[in-house]
Amino acid sequence: MAVETMTVEVAEASAMGLKAIGAGLAVGLTGIATGIAEMGIGAAAVGATAENKDMFGLALLFTVIPETIVIFGLVVALLLLF
Amino acid sequence: MSRLLIAASKEQLQPVIRELYRRNIFHIEDFVDQKEEAYEGFKIGMPLSGAASVSSEVLRVRSVASSAGIDAASIEPAARVPAGTLRSRIDNELPGIEKEIQSLNAEKTKLDTTLREYGQKIHDLEPFAAAPLPMELYRGYERFYVFAGHIPADVALSVPHEKFFTDKVPGNFLVAIVPLEAKDDVERTLLDARFQAVAIPEETGHPADRIAWYTTEITRLTAEIDKLSGRLAAQKEAHSAFLVACDELLTAEVEQTEVPLRFATTDEAFVAEGWVPSEDVPGLIEALRQATGGKIFVSETEIDYDRDAVPVEYDNPSFSRPTEVLMDVYARPRYREIDPTLMVSLVFPVFFGLILGDVGYGLVLLAMSIGLRKIMKGDAAGRLFDTLRNASISSIFFGILYSEFLGFALPWSPVIFSRHLQIGGHGGGHGPQVAELMIMSVWIGILHITLGRILGMANARRLYHGSHATKVMMANAGWLATMWGLLFIVWSFFALPLMPDMTAFPVIAAGFNATAVLGAVFVVAGVVAIARENVLEVVELPTILSHLLSYARIVAVGLSSVAIAMVVNFIAIGMLIEPQLETLSPLGVIIIIAGLVVFLLGHVLNTGLGLLGGGLHSIRLHYVEFFTKFYKGGGLKYHPFGMKRRFTED
């Protein structure tokens, strides 16, 4: 039986592995979320900049606002790993 | 800024305009005919005489300059030309230069068109070169029809015919001459075999000879066009300084002749209103008196800050001036508002350095910003590179504190918290102090936001009046109280590293100890103060948490940059170069070179990412988390009437 062969080392290693998976999921999923959120903003921002170059600064600013989501994911991942 | 009203009779219009233009400090407030009581009987002025001819001259100069490809911004001003001599040169020399450049351009365009035509002809003739027929045999028949075109494979025709087929050219080539009455049958057969007809060129002689002739013609034309381009370039070289000077002089004249359109006038007099920096007022009044011989009335009028759009010019120490570019991207401050440029110019580099704290990357960016500053022209670009220079100096400073050089550890242990990750056995030490770094960044957030809210209170006093100002100030204080109250409650329940430990105080009521109760009181009072200004603001309460945590990006983005650097080092050195160095072999040398390429590309990529991450995230923390607390912006840019002359002088 697998359960009987599970030593402390194996348990620790799998706990570490699960943590790594969790960290990966945290960054990956939030990255997807940020991408989806920036999709619409980015398209509109490029359109606005094409019409009026002065919009560039504001357009860039609006586009990076959803970046916070992936930053939170990164923070959670870092806290999980260290 | 002071608001000036200038009134004089119309004879003084020209000297007044010239003096205002020369001084380049008077921001004109356009007169709009709105039937105001004070301006009854005033009309918008007419341009000075000669406006039409000067504008048509400026158009001519600009068209010549653009057809010669001259760009004023890219020309280094040499000695300035006096306006008088330039004026006579415009009359004498400009028509000649204009004719020369335009005829050169026209000739070049003509040759370019012919060149393209000949290229097309060669393209059309190419398939026929495979067939052994001179071109005149393809046309001129009364009883025959000629098919010529590409076909995937040869076909057999059922009618009497002459046929030529070759598969030596791409797409194969088929020529068939058939009697006119069989044309339809043959066409059907050919189309079934996927035949694609090509037009028969109107040429005589053998196609190969014609192609050779056109090719020599093209060589000749190219040489001629090169010669023309050379002459055009010589013209540009010889006259660009003159043309940009003309452009500048005439533009200045156009602006001066058309400015009465922005003044209020009656039949005999005119009134100009506008803004002048307060310290320049006495000098300007004196100059205008002298220019008109005292026949002028100038008075300083009172400013109504709620109604008047006061133009805004920055007034910052030279250290902060480059950062004004970052402010203008967001919005120029209003006239009475606190200008946060100085704060941004100090805090932005610190954030940048905290994120990209690496001596190596800092040095690369420093060299890049100084180098590009020299190459790139233009005010905005220059200021941006100056900002980058300050940021990279801060990056080097924090790199020394973090003890990092391109992801490697420097010979000392980190002075502040370590960011050294355990990747590929490098780093060593006790690993990254992520929790401490995180809390440090939240502390930065707490202080930054507190500063923002305090500025918000100060701004409320400057921008609003009476009870509204008090309410806005109270609301800002309320936000502060709520944030600190929540912090007190958190500190009373959890002992966090690097933060005050208040868990030890005795419990008073419902599990709350003294500091927690104090915190709760703060929160309640704060929420009440916020709601008194605007009840809807209460739904914004969660932003306290999200904005504070948002500062964690300082650590998160920084650590990801460190991680990329260390991974690059591990792949390049640990996996590719080091194992090969032990036993050197010919293949090993190639792998070592590959390792060096990986090292270089990886760090170039990471420098780019670090610049983007460090720059964007630092400025975002200012725009979103800091400015939303106090900054309104939307001030009018101070745009004085006049010109910074580069090529001419009065």
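Which residue out of B:Ser561, B:Ser546 is in a helix (DSSP H, G or I), within 14 Å of another protein chain (Cβ to nearest Cβ) and exposed (fewer than 14 other Cβ atoms within 10 Å of the Cβ)? Show your work before the answer.
Details: B:Ser561 fails: exposed (fewer than 14 other Cβ atoms within 10 Å of the Cβ).
The unique qualifying residue is B:Ser546.
Conditions tested, residue by residue: (1) outside any loop (DSSP other than H, G, I, E, B); (2) modelled with pLDDT of 90 or more; (3) within 11 Å of another protein chain (Cβ to nearest Cβ).
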{"position": "B:Val589", "(1), (2), (3)": "yes, no, no"}
{"position": "B:Ala594", "(1), (2), (3)": "yes, yes, no"}
{"position": "B:Phe599", "(1), (2), (3)": "yes, yes, no"}
{"position": "B:Val604", "(1), (2), (3)": "yes, yes, no"}
{"position": "B:Gly610", "(1), (2), (3)": "yes, yes, no"}
{"position": "B:Gly613", "(1), (2), (3)": "yes, no, yes"}
{"position": "B:Ser618", "(1), (2), (3)": "yes, yes, no"}
{"position": "B:Leu621", "(1), (2), (3)": "yes, yes, yes"}
{"position": "B:Lys632", "(1), (2), (3)": "no, no, no"}
- Say whether the condition of being among the charged types (D, E, K, R), in a loop (DSSP other than H, G, I, E, B) and over 30 Å from B:Leu486 (Cα atoms) is met by at least one residue in the stretch B:393-404. no
- Item | Residue within the stretch B:356-375 that is under 30 Å from B:Lys644 (Cβ atoms) and in contact (Cβ under 8 Å) with a residue 40 or more places away in the chain present | no
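From B:Val175, B:Val169, B:Val155, grab the single residue that is modelled with pLDDT under 85, closer than 30 Å to B:Leu115 by Cα and aliphatic (A, V, I, L, M).
Only one candidate passes the filter, namely B:Val169.
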- Filter result for B:Ala233 (without any contact (Cβ under 8 Å) to a residue 12 or more places away in the chain, exposed (fewer than 14 other Cβ atoms within 10 Å of the Cβ) and either within 30 Å of B:Ile90 (Cα to Cα) or under 35 Å from the mean Cα position of the chain (by Cα) (or both)): yes
- Would a scan of the stretch B:488-507 turn up a residue that is in contact with a Pro (Cβ under 7 Å, 6 or more places away or on another chain) and part of a helix (DSSP H, G or I)? yes
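Results for (1) of a type outside the set (A, V, I, L, M); (2) under 30 Å from B:Asn92 (Cβ atoms); (3) at pLDDT below 85, shown as yes or no for each residue.
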| site | (1), (2), (3) |
| --- | --- |
| B:Leu4 | no, no, no |
| B:Ser9 | yes, no, no |
| B:Gln14 | yes, yes, no |
| B:His27 | yes, no, no |
| B:Glu36 | yes, no, yes |
| B:Met46 | no, no, no |
| B:Glu57 | yes, yes, no |
| B:Ala72 | no, yes, yes |
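Within the group B:Gly445, B:Gly371, B:Gly452, B:Gly382, which residue is of a type outside the set (D, E, K, R), farther than 30 Å from B:Gly574 by Cα, part of a helix (DSSP H, G or I) and within 14 Å of chain A (Cβ to nearest Cβ)?
Numbers: B:Gly371 fails: within 14 Å of chain A (Cβ to nearest Cβ); B:Gly452 fails: within 14 Å of chain A (Cβ to nearest Cβ); B:Gly382 fails: within 14 Å of chain A (Cβ to nearest Cβ).
Every option except B:Gly445 fails the conditions.
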- Message: Is it the case, given these coordinates, that B:Phe270 is farther than 30 Å from B:Asp124 by Cβ and more than 39 Å from the chain's Cα centre (by Cα)?
- Response: yes
- Query: Taking the stretch B:259-274 as the region of interest, how many residues are within 23 Å of B:Asp304 (Cβ to Cβ), outside any strand (DSSP E or B) and out of contact with any helix residue (DSSP H, G or I) (no Cβ under 9 Å at 6 or more places or on another chain)?
  - Reply: 1
- Task: Please report, ordered by residue number, the helices (runs of 4 or more DSSP H) entirely within chain A with at least 1 residues that are within 10 Å of chain B (Cβ to nearest Cβ), touching a helix residue (DSSP H, G or I) at 6+ places or on another chain (Cβ under 6 Å) and over 20 Å from B:Tyr623 (Cα atoms).
- Result: A:8-51, A:67-81
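Would you point out which residue out of B:Glu136, B:Glu107, B:Glu117 is modelled with pLDDT under 85 and not hydroxyl-bearing (Ser, Thr, Tyr)?
Details: B:Glu107 fails: modelled with pLDDT under 85; B:Glu117 fails: modelled with pLDDT under 85.
Criteria check complete, one pass: B:Glu136.
Conditions (1) within 43 Å of the chain's Cα centre (by Cα); (2) within 14 Å of another protein chain (Cβ to nearest Cβ); (3) crowded, with 16+ Cβ neighbours inside 10 Å, marked per residue:
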{"site": "B:Ala475", "(1), (2), (3)": "yes, no, yes"}
{"site": "B:Ala495", "(1), (2), (3)": "no, no, no"}
{"site": "B:Asp501", "(1), (2), (3)": "no, no, no"}
{"site": "B:Arg532", "(1), (2), (3)": "yes, no, no"}
{"site": "B:Ser550", "(1), (2), (3)": "yes, yes, yes"}
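I need the helices (runs of 4 or more DSSP H) fully contained in the stretch B:275-368, keeping only those with at least 2 residues that are in the same structural domain as B:Val415 (by TED's automatic domain parsing).
Details: elements: B:281-292, B:324-330, B:341-355.
It comes to B:324-330, B:341-355.
The values are calculated or read from the model by the stated rules, or taken from the named source; none is laboratory data. Here the structure is a predicted model, which is why all the values come from computation and not from measurement. Neighbour counts run over all protein chains shown; Cβ positions are idealised from the backbone, glycine included.
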